[in-house]
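Just below is one structure, and these are the notes that go with it.
The values are calculated or read from the model by the stated rules, or taken from the named source; none is laboratory data. Quick caveat, the model's predicted, so the values are computed rather than measured. Reconstructed Cβ throughout: ideal geometry from the backbone, glycine too, with neighbour counts over all protein chains shown. Accessible surface areas use protein heavy atoms only, side chains included; no ligands, DNA or RNA. Shrake-Rupley method; radii C 1.70, N 1.55, O 1.52, S 1.80 Å.
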Amino acid sequence: MPSMNAADPQWVTVLGATGSIGCSTLEVIALHPKRYRVFALTGHRQVDLLARQCVRFAPRQVVVADAAAAAQLRDLLAALGASSEIQVGYGREALERAVADPQVDSVMAAIVGAAGLEPTLAAARSGKRILLANKEALVMAGEVFLAACRSGAADVLPIDSEHNAVFQCLPQGRAGPGVRRIVLTASGGPFRDMALAQMASVTPEQACAHPNWSMGRKISVDSATMMNKGLELIEAHYLFGVPAAALEVLVHPQSIVHSLVEYDDGSMLAQLGNPDMRTPIAHALAYPERIASGVEPLSLACVGSLDFEEPDMVRFPCLRLAREALHAGAGAPCVLNAANEVAVAAFLANQIGFGGIAAVSAQVLDRCGTREAGQSVEAVLALDREARALAHQVAGELAR
Ligand code: NDP
């Protein structure tokens, strides 16, 4: 990892700058202009927002989806009077340049879904400090990703609020001897109390209206099905090196306790805070120091009471599927992730119902969940493609 002198600014590349995590990251960076400089910003389709971000943060590089978006961005930057030195690129190689440049110290990995895998791997191979929001990269390619981090001597700091909480409750962020259990908390999403019969007909808008967190649409739907918590179990297994049996989920509707670690001596350590992603982002940016995040201090007196309950596995079959994939190991997490991404996109496009997400994921996991895990990124991507093709077929059959 590049050396970081406290007096020098830290150069940060924000992958997925136009998304929910990307925007929150830039809000934290904006509070500390002497401490952080933006090296590169990447977006995909939201070119207008990216142009405004370029004017505000003056990155050296900016990356979009394709040549047409790049041309549009160049025109916008000229019209807004942005620096003519900003290099505009597009596609995979430009993304990899934006993370691997020797000037870059830290990479916020906040592209949504499997699209984030390759640039996050490039950050790992080039030994950056990776602020990992893109859990899907770790779920689909856990071993490959960790091997790339080891070979590049990259550090990984979790951004998911639960994993960031666990990291804060573990010495040096690793689960060594004496750790009995890791407990990930879950809000239960918008449908925790809804009558089961009603859940079949919920709309994408209802699924995206999370009671506590403001997030992108894909993770919002994953929270509503609790697939998000399932993917987080798999993420925790890789990040902290703990077996499935030592990982638990506890529903906590207020989203104040972000997760807990239980030790053999009976101690339970928890991290608490208001549900706002700027807290874990600021923690990971500054680690091991602490900086202001802009988040309101938590008033436990105002919160009053904190509730906890077991998750309902009948209501949330996706959580069960993710547990099965974690136990099965090998290629199962990659297959489940791919099937879920296709199913969520089909639900958001009103092609299948809410229950269809679990149905597609279950069928695809059943039919190709026993495949070997790839030991190379090419093998992982091949398995991802195969599972996606099958998921499209199953979703198409359901849609008819
Ligand atoms: P958003 O949907 O809000 O943002 C996604 C970002 O990825 C956008 O910048 C988008 O660009 C970009 N993007 C989309 N598709 C591609 C692609 N094919 N290639 C390159 N870039 C692409 O997502 P979130 O910010 O909510 O989530 C990002 C990641 O962080 C996810 O993996 C999620 O699981 C994780 N996470 C999010 C949390 C949250 O609170 N939001 C909490 C914990 C984890 P554009 O918009 O310009 O098209």
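Just the protein heavy atoms count here, and of the accessible area of the chain at 1.4 Å, carbon and sulfur take up 52 percent. Considering only protein heavy atoms, what per residue accessible area in square angstrom results for the chain with a 1.4 angstrom probe? Dividing the accessible area of the chain by its residue count gives 42 Å². With a simple spin-label model that places each label point 7 Å from the Cα along the Cα-to-Cβ direction, the separation between ALA382 and SER299 comes to 5.9 nm.
For LYS135, the lysines whose Cα comes closer than 20 Å to its Cα, not counting residues fewer than 8 places off in the same chain, are LYS218, LYS229.
Counting charges near THR13 (Lys, Arg +1; Asp, Glu -1) among other residues having Cβ under 13 Å from its Cβ returns a value of +2.
Which of the peptides 281-292, 115-126 is most tightly packed, and how do the rest follow, judged by the mean count of other Cβ atoms within 10 Å per residue?
So the peptides 281-292, 115-126, ranked by packing, come out 115-126, 281-292.
Computed over the chain with a Gaussian network model linking Cα atoms closer than 10 Å, the most mobile of GLY216, GLY173, GLY113 is GLY216. The stretch between ALA349 and ASP75 holds 95.5 nm of extra length on full extension. This uses 0.36 nm per residue minus the Cα-Cα distance. Across the options VAL295, HIS252, GLN271, the greatest Cα extent toward the positive end of the charge dipole of the stretch 218-333 (unit charges at beta carbon of Lys, Arg, Asp, Glu) belongs to VAL295. Residue separation of GLU205 and THR370 scaled by 0.36 nm, minus their Cα-Cα distance, works out to 56.0 nm of gained length.
For the stretch 354-400 and the stretch 51-101, what is the centre-to-centre distance using only Cα atoms, to the nearest Å? Each part's Cα centre sits 34 Å from the other's.
Length gained on full extension, ARG320 to LEU272, computed as 0.36 nm times the residue gap minus the Cα-Cα distance: 14.6 nm.
For the chain, the relative contact order is 14 percent, taking Cα pairs closer than 8 Å that sit 6 or more residues apart in sequence and dividing their mean separation by the residue count.
What does the helix-only formula give at 222 nm for the chain: each DSSP H stretch with n ≥ 4 adding -39500 (n - 2.57), the total divided by the residues, and the result rounded to the nearest 500 deg cm²/dmol?
Values: 18 runs with 193 residues, N = 400.
Calculated mean residue ellipticity at 222 nm is -14500 deg cm²/dmol.
Between LEU31, LEU196, LEU247, the residue with the greatest mean-square fluctuation in the GNM of the chain (Cα pairs under 10 Å linked by springs) is LEU196.
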